[in-house]
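Below: one structure, written as structure tokens.
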Ligand SMILES: [Fe+2]
Ligand SMILES: [Fe+2]
């Protein structure tokens, strides 16, 4: 199928727009977290924003790679999230968006790309969907822990790590103040995905 006539070209443009907006929304959350001195949430969302911008770049490059002539403009019609709220609710919205990307939107785009004969594009949609699933799981767990007030507690000993100085301590409940650099617990790394807490 000719790329210019394909649905995949439109889907790449939609995905590009979605990733750019996702990256922007995550930077807004990072700014909000910075204003509230939630250093670890700020850092987490900076990293997520960077990931989304990298996804945008992948889609951008795929359009350029497959187009036969330089692309000037692509018309798209789609809905994008504009929800605004305090940080915890924003995390919920973000986790919902990640979920719909990795369970519905990108698998659908991957299938269409495959059907239209663009195997390389289909693979990228699938790979990005896996990252969005990681994002979803991380944000979902973060939201649940913020809601239940258990962000800094664990039923089994957990390696709490200060992101400022690297001090790590195996405890059920995290230290309130880092015993090494004396930063607050707002500096404790949020990496639930790598070592899930029970
Ligand atoms: Fe993304
Ligand atoms: Fe994501």
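Taken together, the values in this text are just the output of simple stated rules run on the coordinates, not laboratory data. Keep in mind the model is a prediction, meaning the values are calculated, not measured.
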- Query: How big is the stretch 56-172 by Rg and Dmax over its Cα atoms, in Å?
  - Reply: 19.4, 59
- Query: Among 148, 184, 100, whose mean-square fluctuation peaks in a Gaussian network model of the chain (Cα, cutoff 10 Å)?
  - Reply: 148
- Message: Against the empirical 2.2 N^0.38 Å scaling, what ratio does the C-alpha Rg of the stretch 127-183 come to?
- Response: 1.36
- Message: Taking 10 °C and 1.306 mPa s as the conditions, I'd like the Stokes-Einstein D for the stretch 1-72 in µm²/s, using the Kirkwood hydrodynamic radius from alpha carbon pairs.
- Response: 119
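What are the semi-axes of the equivalent ellipsoid for the chain, taken as the square roots of 5 times the Cα gyration tensor eigenvalues, largest first, in whole Å?
Details: eigenvalues 287, 51, 41 Å².
Those come to 38, 16, 14 Å.
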- On a 0 to 90 degree scale, rounded to 10, what angle separates helix 106-115 from the longest Cα axis of the chain? 30
